[in-house]
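Worksheet: one structure, shown below.
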Amino acid sequence: MTDYQDAFEQALRIGRPPNVAELFPNSRALIVSGRFIDRAMLKKGRAIAMAANGRNYFAIRGALIAAQRANAAIIIEIAKSESGYCAVNFYNIARLVDDLCNELNITVPVAVHADHYGIKGPEDVAYARTEIPSMFDAGITSIAIDASHMSDADNLLASIELWPYVPRWAGRETEVGEIKGSTGLSTPQEALFLIQGLNAHDIFPDWIALNNGTSHGIEAGSEGIQVELTAEVHEAVSAYKVSGAQHGTSGNSSDRLRRIAGETRTTKANVATSLQMISWGLEVNDYGNARLDENGNFIKVKDQGVTEQTWAEMTVHAESKGLKKGDYKKLNLPFESRLLAQPREVRERMADRVAEFVYTLLTDVFNCRDTAPIALNEILAAGSHDPGPKVDRIEDPDQWTPEKIRARASEINRDRGASGNFED
């Protein structure tokens, strides 16, 4: 314990990035670049860090408690779409994490990730030039710039334009193939195109996210993540030392997630919907999906999660708004204050229920127990808040001009899949 404490004190002095140190000068929360979390998983081998989506206060609290108990490095994140229907957003999530880490004496390294920062057109690119720096001013330490909604060429070109607005020390995630279930699956060809083009412009992502057969939210089907496809894509970009980011884990069994850890280069896995449902006290299966009764209604477990009265108020509100089961996520924003106003024992059991679920994933599924000291050692080895990229430039920038990018992209043939809004 003394050795870890000594390493923690050193890491606290040198490992926090400049924005975090400026925002929280007296903090003892070890909020770090997402790069260190990725490095720790790689160093352990076949390990995946949980990226817990903090849709509410209780999900964040429970995830941090579990990470400390498992001695595991962790990522706390919120997506751009979630910021629209949750009280937690890009501008307060770091403050919540910092506050909870200090209250709970959390000593494991934590990255604060802006997930699915979606770019769908030129107007989004223009806005992002100011919003991305503002998010880092608010304490974000890692980001996923997701232009996968656009064509392969526009995805790459938008990414090239926007990555310079991200601090060089920050964790970086890119995406190829919009997450939309079993349609429009990503291919090795387009993943390689994206990573090579970024590399040519001195942009070195830590993670790449794919459409590998899964979806966000409540998973209705049983197909889920295609492990073989994931491994094939990761192998195609292996020379560029890009790790995998797995989205849509809530719809997949523990056995399949263990395969992702053991058979692919994945080091980050997002968990969102299941944490929300568990905090509310709903019955879930091994997939993390909430169970439905014979009438198609969620099953509230008595004396777990929110009070029965609060759950009744939530369901009445959902019915009044015509919310489908997959849209219950929209209850987060209007009910956050109501949930925080519950008795202490109720608030504690909400977070504890999340903690139990997360702890099992960390230790029995993602194989990331005891990655906290590994991350600390990576910080000490780097001697700073930035370990640097995992690879140097390999590609010739002269071969990746805008004109040549569009010409190369025209040779990529892929089914784009179903149309619609697949954000969560």
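The values are calculated or read from the model by the stated rules, or taken from the named source; none is laboratory data. If you're wondering where the values come from, they're calculated on a predicted model, not measured in any experiment. Positions of Cβ are backbone-derived with ideal geometry, glycine not excepted, and every protein chain shown enters the neighbour counts.
Given the criteria more than 22 Å from R69 (Cβ to Cβ) and either buried (at least 24 other Cβ atoms within 10 Å of the Cβ) or among the small types (G, A, S) (or both), does R55 qualify? No: the conditions fail for R55. Within the stretch 96-113, being under 24 Å from W163 (Cα atoms) and out of contact with any Ser or Thr (no Cβ under 7 Å at 6 or more places or on another chain) holds for one residue alone: V110. Restricting attention to the stretch 185-209, the residues being β-branched (V, I, T) and in a loop (DSSP other than H, G, I, E, B) number 2. Among all positions in the stretch 189-198, there is no residue which is within 15 Å of T267 (Cβ to Cβ), at pLDDT 95 or above and not charged (D, E, K, R). Inspection of the stretch 150-166 finds a residue satisfying the criterion of being outside any helix (DSSP H, G or I), more than 20 Å from the chain's Cα centre (by Cα) and in contact (Cβ under 8 Å) with a residue 24 or more places away in the chain. In this structure, V108 does not satisfy being out of contact with any Lys or Arg (no Cβ under 9 Å at 6 or more places or on another chain), under 22 Å from A158 (Cα atoms) and either at pLDDT 95 or above or not polar (S, T, N, Q) (or both).
Counting residues in the stretch 61-82 that are of a type in the set (S, T, Y) and under 24 Å from R349 (Cα atoms) gives zero.
A quick yes/no check of all residues on (1) of a type in the set (A, V, I, L, M); (2) out of contact with any strand residue (DSSP E or B) (no Cβ under 9 Å at 6 or more places or on another chain); (3) without any contact (Cβ under 8 Å) to a residue 24 or more places away in the chain; (4) farther than 30 Å from I160 by Cβ:
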site	(1), (2), (3), (4)
S320	no, yes, yes, yes
P334	no, yes, yes, yes
R344	no, yes, yes, yes
T363	no, yes, no, yes
D370	no, yes, no, yes
S384	no, yes, no, no
P397	no, yes, no, no
W400	no, yes, no, no
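Table: residues versus (1) touching a helix residue (DSSP H, G or I) at 6+ places or on another chain (Cβ under 7 Å); (2) of a type in the set (A, V, I, L, M, F, W, C); (3) over 18 Å from C368 (Cα atoms).
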site	(1), (2), (3)
E9	no, no, yes
D38	no, no, no
R46	yes, no, no
I65	yes, yes, no
A87	yes, yes, yes
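For the stretch 282-293, does any single residue satisfy the condition of being touching a His at 6+ places or on another chain (Cβ under 8 Å) and in contact (Cβ under 8 Å) with a residue 12 or more places away in the chain? Checked the stretch 282-293: no residue is touching a His at 6+ places or on another chain (Cβ under 8 Å) and in contact (Cβ under 8 Å) with a residue 12 or more places away in the chain. Of everything in the stretch 122-149 that is among the hydrophobic types (A, V, I, L, M, F, W, C) and out of contact with any Leu (no Cβ under 9 Å at 6 or more places or on another chain), the residue that is farthest from K268 (Cα to Cα) is A126. When I140 is tested against (1) under 26 Å from A63 (Cβ atoms); (2) of a type in the set (A, V, I, L, M); (3) assigned to a helix (DSSP H, G or I), exactly one condition is not met: (3).
In the stretch 103-116 there is no residue that is buried (at least 24 other Cβ atoms within 10 Å of the Cβ) and part of a helix (DSSP H, G or I). The single condition among (1) surrounded by 21 or more Cβ atoms within 10 Å (Cβ to Cβ); (2) under 25 Å from I225 (Cβ atoms); (3) among the hydrophobic types (A, V, I, L, M, F, W, C) that L185 does not satisfy is (1). I'd like to know if the stretch 65-74 contains one or more residues that are on the phi > 0 side of the Ramachandran plot, free of Cβ contacts under 8 Å to residues at least 12 places away in the same chain and surrounded by fewer than 24 Cβ atoms within 10 Å (Cβ to Cβ). No. When residues in the stretch 260-286 are screened for being assigned to a helix (DSSP H, G or I) and buried (at least 17 other Cβ atoms within 10 Å of the Cβ), 10 of them pass. Filtering the stretch 235-257 to residues that are in contact (Cβ under 8 Å) with a residue 40 or more places away in the chain and of a type in the set (S, T, Y) leaves Y240, S243, S254.
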